[in-house]
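Peer 1: Let me give you the structure first, and then I'll get to my questions.
The values are calculated or read from the model by the stated rules, or taken from the named source; none is laboratory data. All values reported here derive from a predicted model rather than from experimental measurement. Don't worry about glycine lacking a Cβ; one is built from the backbone with ideal geometry, like all the others, and counts go over all protein chains shown. Ligands, DNA and RNA are excluded from the accessible area calculation, which covers all protein heavy atoms including side chains. Shrake-Rupley method; radii C 1.70, N 1.55, O 1.52, S 1.80 Å.
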Amino acid sequence: MIHTDIVIIGAGAVGTAIARELSKYKVDVVVVDKRDDVGGDASKSNSSIICTGYDCPPGSLETAICRSSRMLADQTVKELEIPFNVCGAIMPAINEEQMNILKDIYDDAYKNEIFDVDVVSGKQLLDMEPELNPETIGGLYIPREAVIDNFLFVVAQAENAAENGVQFLLRNEVKDIQVENGKVKAVITDKETIQTKYVINAAGLFCDAIAEMVGECDFVVKPRKGQFFILDKNTNCQINHIIYPIPTPTSRGKLLLKTIHGNILCGPTAEDLEDKEDHSVTAEELAGIETDCKKLVPNINFSDAITQFAGLRPNRIPAGFHIGFGKTEGYFGISGVRSTGISCSLGISRYVVKKLQEGGVKLERNFDFNPYRKAIPRFSEATDEERDALIQKDPKYARVICRCETVTEGEIVEALHRPVPPTTLDGIKRRLRAGMGRCQGGFCSPKVIDIIARELNVPPESVDKNVPGSYILTGISRQEGGDHHA
Ligand SMILES: Cc1cc2nc3c(=O)[nH]c(=O)nc-3n(C[C@H](O)[C@H](O)[C@H](O)COP(=O)(O)OP(=O)(O)OC[C@H]3O[C@@H](n4cnc5c(N)ncnc54)[C@H](O)[C@@H]3O)c2cc1C
C-alpha cells in the first residue's frame, strides 16, 4: 500500500501543471493515470493554442485564469525549454455583417482586459498573410496568441515535477475513492490502494465518473469531438499566423495555423457525442473542414494532407469552470475545463494551490525546488558543430532512425531514460516526432520498437502503440536467415 498526502487523478495538462506547482511545497504527491503515458486525453489532441483569453466569457473565472496563464506561459516555456511560438492571431472578415460581429468580440476583449487586441484593415491583413482570401475587408489582430508543443508542454511539466519529488503511477485506473466518516481515506486503482488525505480530480472527460465515486456529481461531461487535418510541411500555401474564422453562437469554427513543427493544422470540428472513446475521423466532417478553411485561405492544398486526427473536449453540462473543495472532506474537484485547458492549466494550478491553502491544507514552501528542465538536444535543429559534439559524446547521435524528421538513436535512448519515460511507440513519436513525418512511421517504427525493447529490457512484442493492449508485433516467425518479429 502507498501512503501520500495528495493524489492527483489525471496526467493531462491540468493534472501535471498542478503536480509541478505542488512540487514547490513540502508535500507528498502521487499522480495516477490509467494511460501508459503522461499527456492526457484532450491534452494531446487539440489546436495547441495558448490563448490570451480575449474571447472567454467576460467576468468568468475562466477569463481570469486564462489571462494570468498567458503570462505564466512565457516564464514556464523558458524554465522547461518547451517549443513555443508567439505568432499572433488574426480574425478576418469579408463583409459588413462579419465586421459587426467583430465589434462585439473586440468589446469583449476589452472587457477581458486584453488591451492589445486591435482592429486592422483588409490591406494590413493581406500584407501580414498574403494567402488570405483577397475579399478580406478588415479584421482583428490578437498579437499574443501563441502556438505550443502541447505534448511536450505536459511531458516537460511531468519531468520537472518528478525531478522535484512527485511520483507518477501510470497504467493505474482509478476504480473507487474510499470515504470514511465523510472524509477521503484512499484512492483505489486496478493495481494499488493509495492512502491519502486529499484527492484532486483532474480526470478531464471522466471527471464526472470520479466525482460520482464520492457522491458529488451534480453534472455530466459529454465529449465534443474536434477533427483535424495535418498538411505536409512542404505544402506550397504557407501561413504564419493563427487564422481564426468568425465564430458562430455554438462554435469557435475551423481555424488554420502553423504548428510548432511547421505543419499546417486545419480544424477542428465541433460534434456533440455520447461515446467518450470515439476518436474516429469521418469523410463528411473532414470535407467540411476543407470547405470552411478554403473560405479563409483559398489556396490551401488538402491534397498535401499527411494525416487526420480527432480530440474530445470535456463538455460539462451545465458549463463553466468549477474548481474547489467538495462536501467530502479531502475531495477537490475540477470540472468545466473544456476548450481552453491547455492555455488555462498553468493558472488553474496556481488557483488550486491557493484554494487548498485557504481550505486548511498546510503547504510549506520547498526552497530547494528546481524550476529548470533541460530539453533533449534535437539533432535536426542543431548546427554542424553541435551535431559533431553530440556524436563525439555519444555515437548513437550519428544513427538516424526517423528519416522524415531526422531523429537519431541518441535522442530516442535519452527519452527512454528520462524521469517519466515513455514505453510506447507513440510516447517516442510525441516526444521526438519519430513517425510524424510524411511516411507516418512506415520506415522507423520497427527500429523504434527494437530500441524501446532493448533499453527497457522488455520483449519487442510487448511494446504497445499507445494504450495497453495495442501491441504491434504478435511474436516470432522463423524465417530463412534467423528469427524475425512478425
Ligand atoms: C479539438 C480540440 C481543440 C482544442 N484546442 C485547444 C487549444 O487550442 N487551446 C487550449 O487551451 N485548449 C484546447 N482544447 C482544450 C484542451 O485540450 C482541454 O481543455 C485540456 O486538454 C483538458 O486537460 P485535462 O488535463 O483536464 O484533461 P485530459 O487531457 O483529458 O487528461 C485527463 C486525464 O485523466 C485520466 N483519467 C481519466 N479517468 C481516469 C481514471 N478513472 N483513472 C486514472 N486516470 C484517469 C485520463 O487518462 C487523462 O490522461 C481543445 C480540445 C479539443 C478536443
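Peer 1: Among Asp55, Asp107, Asp74, which is in a helix (DSSP H, G or I), open to solvent by 20 Å² or more (accessible area, probe 1.4 Å), not aromatic (Phe, Trp, Tyr) and not assigned by TED's automatic domain parsing to the domain that holds Thr250?
Peer 2: Values: Asp55 fails: in a helix (DSSP H, G or I); Asp107 fails: not assigned by TED's automatic domain parsing to the domain that holds Thr250.
None of the others qualify; the one that does is Asp74.
Peer 1: Could you list, in sequence order, the residues of segment 202-233 that are open to solvent by less than 30 Å² (accessible area, probe 1.4 Å) and more than 9 Å from the ligand (Cβ to nearest atom)?
Peer 2: Asp208, Ala211, Val214, Phe219, Val221, Phe229, Ile230, Leu231, Asp232
Peer 1: Further question on the same structure: For segment 301-332, give me each residue that is outside any strand (DSSP E or B) and either over 23 Å from Lys225 (Cα atoms) or within 14 Å of the ligand (Cβ to nearest atom) (or both). Spell out how you get there, then give the answer.
Peer 2: Restricting attention to segment 301-332, the residues satisfying the condition of being outside any strand (DSSP E or B) are 301-304, 318-321, 326-328, 330.
Selection gives Asn301, Ser303, Asp304, Ala319, Gly320, Phe321, Gly326, Lys327, Thr328, Gly330.
Peer 1: Can you tell me which of Ile428, Ile401 is open to solvent by less than 70 Å² (accessible area, probe 1.4 Å) and over 21 Å from the mean Cα position of the chain (by Cα)?
Peer 2: Numbers: Ile428 fails: over 21 Å from the mean Cα position of the chain (by Cα).
The conditions single out Ile401.
Peer 1: Give segment 22-42 a look and list any residue that's within 7 Å of the ligand (Cβ to nearest atom) and open to solvent by 20 Å² or more (accessible area, probe 1.4 Å), or say none.
Peer 2: Within segment 22-42, Lys34, Arg35, Asp41, Ala42 qualify.
Peer 1: Which residue pairs have Cβ atoms closer than 8 Å, lie 6 or more positions apart in sequence or on different chains, and pair a first residue in segment 226-252 that is modelled with pLDDT of 95 or more with a second residue that is aromatic (Phe, Trp, Tyr)?
Peer 2: Between residues of segment 226-252 that are modelled with pLDDT of 95 or more and residues that are aromatic (Phe, Trp, Tyr), the close pairs are Gln227/Phe309; Phe228/Phe309; Phe229/Phe302; Ile230/Phe309; Leu231/Phe302.
Peer 1: Pairs please, first residue from segment 443-460 and closer than 11 Å to Ile472 by Cβ and open to solvent by 50 Å² or more (accessible area, probe 1.4 Å), second anywhere and part of a helix (DSSP H, G or I) and among the polar types (S, T, N, Q), Cβ atoms under 9 Å, 6+ apart in sequence or on different chains.
Peer 2: So the pair list comes out empty.
Peer 1: Kindly indicate whether Glu159 is in a helix (DSSP H, G or I) and open to solvent by 60 Å² or more (accessible area, probe 1.4 Å). Full working, then the answer.
Peer 2: Numbers: in a helix (DSSP H, G or I): yes; open to solvent by 60 Å² or more (accessible area, probe 1.4 Å): no.
No; evaluated as a whole, the condition is false for this residue.
Peer 1: Would you mind telling me which numbered condition in (1) modelled with pLDDT of 95 or more; (2) assigned by TED's automatic domain parsing to the domain that holds Leu432 Gly341 fails?
Peer 2: In the conditions (1) modelled with pLDDT of 95 or more; (2) assigned by TED's automatic domain parsing to the domain that holds Leu432, Gly341 misses (2) alone.
Peer 1: Among the acidic types (Asp, Glu) and at pLDDT below 85: which single residue out of Asp426, Asp483, Asp464 fits that description?
Peer 2: On the way: Asp426 fails: at pLDDT below 85; Asp464 fails: at pLDDT below 85.
Going through Asp426, Asp483, Asp464 in turn, the sole match is Asp483.
Peer 1: Can we say Asn236 is open to solvent by 10 Å² or more (accessible area, probe 1.4 Å), at negative phi and away from the ligand (no atom under 14 Å from the Cβ)? Spell out the reasoning first.
Peer 2: On the way: open to solvent by 10 Å² or more (accessible area, probe 1.4 Å): yes; at negative phi: yes; away from the ligand (no atom under 14 Å from the Cβ): yes.
The answer is yes for Asn236.
Peer 1: Within segment 338-378, which residues are part of a helix (DSSP H, G or I) and crowded, with 22+ Cβ neighbours inside 10 Å? If you could, list the steps in order and put the result at the bottom.
Peer 2: To start, the set of residues in segment 338-378 that are part of a helix (DSSP H, G or I) comprises 341-358.
Passing the criteria: Gly341, Ile342, Ser343, Cys344, Ser345, Leu346, Gly347, Ile348, Ser349, Tyr351, Val352, Leu356.
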